[in-house]
1. Residue under question is GLY161, and the condition is that it be farther than 23 Å from GLY248 by Cα and surrounded by fewer than 21 Cβ atoms within 10 Å (Cβ to Cβ); does it hold?
2. Residues of region 63-83 being in contact with a helix residue (DSSP H, G or I) (Cβ under 7 Å, 6 or more places away or on another chain) and at pLDDT 90 or above, which ones?
3. Take ARG263 and decide whether it is in the same structural domain as ALA81 (by TED's automatic domain parsing), under 21 Å from ILE427 (Cα atoms) and not small (Gly, Ala, Ser).
4. What number of residues within region 232-266 satisfy the criterion of being surrounded by 17 or more Cβ atoms within 10 Å (Cβ to Cβ) and closer than 30 Å to ASP215 by Cβ?
5. Do any residues in region 289-307 that are surrounded by 13 or more Cβ atoms within 10 Å (Cβ to Cβ) have Cβ atoms under 6 Å from those of residues that are part of a loop (DSSP other than H, G, I, E, B), where the two are at least six apart or on different chains, and which pairs are they?
6. Output the residue which, of all residues in region 9-24 that are of a type outside the set (Phe, Trp, Tyr) and in contact with a Ser or Thr (Cβ under 6 Å, 6 or more places away or on another chain), is surrounded by the most Cβ atoms within 10 Å (Cβ to Cβ).
7. Just to be sure I understand, how many residues within region 254-289 are assigned to a loop (DSSP other than H, G, I, E, B) and small (Gly, Ala, Ser)?
Amino acid sequence: MQLANKNVLVLGAYGFIGAAVTRSLRAEGARVSAFVRSGKSAAQVLGDVPQIQGDLRACLQSEDWDSHLQRIDCVVNCAGALQDGPADDLEAVHHTAIAALGRACADKAIPIVQISAIGAEPDADTDFMRTKAAGDAALRACGAPLWILKPGLVIGQSDYGGTALLRMLAAVPLVQPIAFPDTPVQCVGMPDLCRAVVQGVAQDLPQGAYDLVEDSPSTLSDVLDETRKWMGFPAAGVTVAVPGLVTGLISAFADGLGHLGWRSPLRSNAMTVMADGVVGDPKPYRAVTGQSLASLPLIYAGLTCSREHRLAARMSLLMPLVVTVLSLFWLLSGLFGLISLPTAAATLTDAGWSMAMAVASVLFWSFVDIALGLAVLWRPWAARACLAQVAVAMVYLLSASFTVPGLWLDPLGSLIKILPAMTLSLIAWPLLQSR
């Protein structure tokens with residue numbers, strides 16, 4: 001493959017697929033630049049890969065791309081979003097920006113490798129698929145050299161989206177909950193996906209659109225069984241098929257959380273795609289390369305599962321419960337302070353405070369508690385809210401120890417209970433770090 005010294009721009013370079021593609025291209029000798037929205041996240045994931053900081057939502061005209069395409073020999077688009085939200089605009093990210101990119105690349109004769117999705121059709125059931133299809137169509141129309149790769153369910157060493165959901169479900173002990181157990185699914189291993197991208201960049205693959213899937217589909221239940229086996233979890237004693245009504249309610253709730261910035265893999269777009277199945281045609285890619293892509297058992301045989309993978313799956317499964325408990329703890333603490341204002345103020349007046357100071361203190365810290373209980377629900381603030389909870393809890397412990405030390409002997413353990421709450425906030429903080 002002729003990639004030595006080829007300058008490649010990768011969009012979405014620190015994402016699940018983008019990070020793997022970036023590393024594969026560099027391993028083949030390409031000089032990769034990462035087009036990223038967050039420089040901090042890119043530095044954490046990609047290390048010393050040169051960055052071009054930008055936002056697809058602000059690159060909606062072909063001239064917006066001119067400065068980013070200087071000395072670029074090929075563009076690989078790995079950017080994408082599952083559903084509209086505070087930080088995501090499907091029409092802009094999947095279609096408008098990509099159409100503008102296509103026109104700019106066509107003017108400069110720069111080839112494009114587009115990571116699309118199986119099921120990306122104009123009449124698809126989800127706006128995710130429809131906008132992906134619109135982006136594909138715009139790239140076809142622009143006239144730039146083009147490879148459109150449509151992966152099935154991507155299985156990689158790291159996890160995100162569908163892969164993360166599989167591992168979370170596999171981590172459920174004793175029982176195996178699953179929606180749409182008989183849905184047909186064809187997977188693709190991350191190494192095979194990266195190899196196809198490298199072939200496109202090297203122009204070793206004829207231009208065109210290719211489904212990247214294993215030869216034969218499995219049921220979603222079988223995929224989950226393989227995932228559970230790979231992770232080393234015991235086989236479930238009972239499999240519970242989640243009814244469609246319950247799945248719909250869960251998706252609606254996950255969509256609601258999306259407005260608070262939570263990008264759950266249980267949102268309605270993902271569930272609709274899974275209900276429809278992930279099935280492609282492996283024959284075109286096999287015909288031009290002379291090889292089939294690895295089947296699911298072989299994909300997992302090529303990956304290493306270690307303690308951290310099992311721990312991450314279990315902690316991801318527990319994270320919604322942890323955040324809910326923290327929010328309720330702080331909200332109820334603040335509300336009980338307001339409801340029991342006279343009693344709480346009396347504790348301070350008994351220690352020598354004036355009534356005005358005691359009432360003001362109880363009111364102030366009650367509203368601080370309520371604010372922290374709400375802040376942890378807003379995804380962009382959640383991790384910092386956990387650290388703020390620890391700081392405020394320390395203030396409570398220290399000030400109470402000097403002002404009313406007798407509270408340590410309270411039979412209801414009012415101060416002692418702060419210690420496990422602090423610990424839970426400290427546990428939640430790393431779980432809520434951005435990938």
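1. No: the conditions fail for GLY161.
2. Within region 63-83, ASP64, TRP65, ASP66, LEU69, CYS74, VAL75, VAL76, ASN77, CYS78, ALA79 meet the criteria.
3. Taking the combined requirement at face value, the residue satisfies it.
4. The total comes to 5.
5. Final answer for the pair search is SER292/ASP215; LEU293/GLU214; SER295/GLU214; LEU303/GLN157.
6. This residue is VAL10.
7. Pass one, region 254-289, residues assigned to a loop (DSSP other than H, G, I, E, B): 259-267, 277, 279-282.
Then drop every residue that is not small (Gly, Ala, Ser), which leaves 261, 264, 277, 280.
Within region 254-289, residues that are assigned to a loop (DSSP other than H, G, I, E, B) and small (Gly, Ala, Ser) number 4.
Per-residue answers, yes or no, for (1) assigned by TED's automatic domain parsing to the domain that holds LEU332; (2) surrounded by fewer than 17 Cβ atoms within 10 Å (Cβ to Cβ); (3) of a type in the set (Val, Ile, Thr); (4) at pLDDT 90 or above:
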site: ALA360; (1), (2), (3), (4): yes, yes, no, yes
site: LEU363; (1), (2), (3), (4): yes, yes, no, yes
site: SER366; (1), (2), (3), (4): yes, no, no, yes
site: VAL376; (1), (2), (3), (4): yes, no, yes, yes
site: LEU387; (1), (2), (3), (4): yes, yes, no, yes
site: VAL395; (1), (2), (3), (4): yes, yes, yes, yes
site: PRO405; (1), (2), (3), (4): yes, yes, no, no
site: TRP408; (1), (2), (3), (4): yes, yes, no, no
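The values are calculated or read from the model by the stated rules, or taken from the named source; none is laboratory data. In this text, all values refer to a predicted model and were calculated from it rather than measured experimentally. Note: ideal-geometry Cβ built from the backbone for every residue, glycine included; neighbour counts use all protein chains shown.
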